[in-house]
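Engineer: Please see the structure below; I have some questions.
The values are calculated or read from the model by the stated rules, or taken from the named source; none is laboratory data. Keep in mind that what you see is a predicted model, and the values were worked out from it rather than measured. Here Cβ is always computed from backbone atoms with ideal geometry, including for glycine, and neighbour counts include all displayed protein chains.
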Amino acid sequence: MANALNRALGVDVDSFTADRVREDAFGQEPLVSILMAEMDGRPAGYAFYHTGYDSDLPARSLVVVDLYIDPEVRGRGLGQALMAGLAREAIRLKARSMTGGVLDSNMKALAFYRSLGAVQDGVRFVTLREDALRALAKDGRG
């Protein structure tokens, strides 16, 4: 499913394997947690998340990395159920906010999050990936 999300976002890499997910979510030093949704006894969606820090509050935050529902079961409440589960986890962890990124072009997702009470705070995430990250670490500039 994570590869399907990447393809839908225009990322042309099938980098998620069962081994990668096992290591990143259940290994010695987990990087993410996973909340799964099922429909008729089979996986139908997931959320990847981790804890973070919201310096505006200042307090712990739950960071939603991915939220994905298989296209054939969208509109049946699974996304809302996953978000409610994430909200319960955030409260359990004593987080005061839950945040995540959404592409500006994903109007359906933006409307969905707004329907849950989320607001766009005007912040844009910027990312240094691989070559740019290494160049900055090595030379101190991009």
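Quick grid of which residues meet (1) at negative phi; (2) surrounded by 11 or more Cβ atoms within 10 Å (Cβ to Cβ); (3) within 17 Å of the chain's Cα centre (by Cα):
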| position | (1), (2), (3) |
| --- | --- |
| 104 | yes, no, yes |
| 118 | yes, yes, yes |
| 124 | yes, no, yes |
| 129 | yes, no, no |
| 138 | yes, no, no |
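Engineer: Scan the range 81-102 for residues that are assigned to a loop (DSSP other than H, G, I, E, B) and buried (at least 16 other Cβ atoms within 10 Å of the Cβ) and jot them down.
Structural biologist: Listed by number, the residues that qualify are 95, 102.
Engineer: Based on what the data block shows, is residue 35 over 25 Å from residue 111 (Cβ atoms) and either at pLDDT 85 or above or part of a loop (DSSP other than H, G, I, E, B) (or both)?
Structural biologist: For residue 35, the condition - over 25 Å from residue 111 (Cβ atoms) and either at pLDDT 85 or above or part of a loop (DSSP other than H, G, I, E, B) (or both) - is not met.
Engineer: Still on this structure, please answer the following. Within the range 110-122, does at least one residue satisfy the condition of being closer than 25 Å to residue 34 by Cβ, modelled with pLDDT under 90 and assigned to a loop (DSSP other than H, G, I, E, B)?
Structural biologist: no
Engineer: Okay, moving on. Can residue 64 be described as in contact with a helix residue (DSSP H, G or I) (Cβ under 8 Å, 6 or more places away or on another chain), outside any helix (DSSP H, G or I), surrounded by 15 or more Cβ atoms within 10 Å (Cβ to Cβ) and free of Cβ contacts under 8 Å to residues at least 24 places away in the same chain?
Structural biologist: Here the answer is no, as residue 64 does not meet what is asked.
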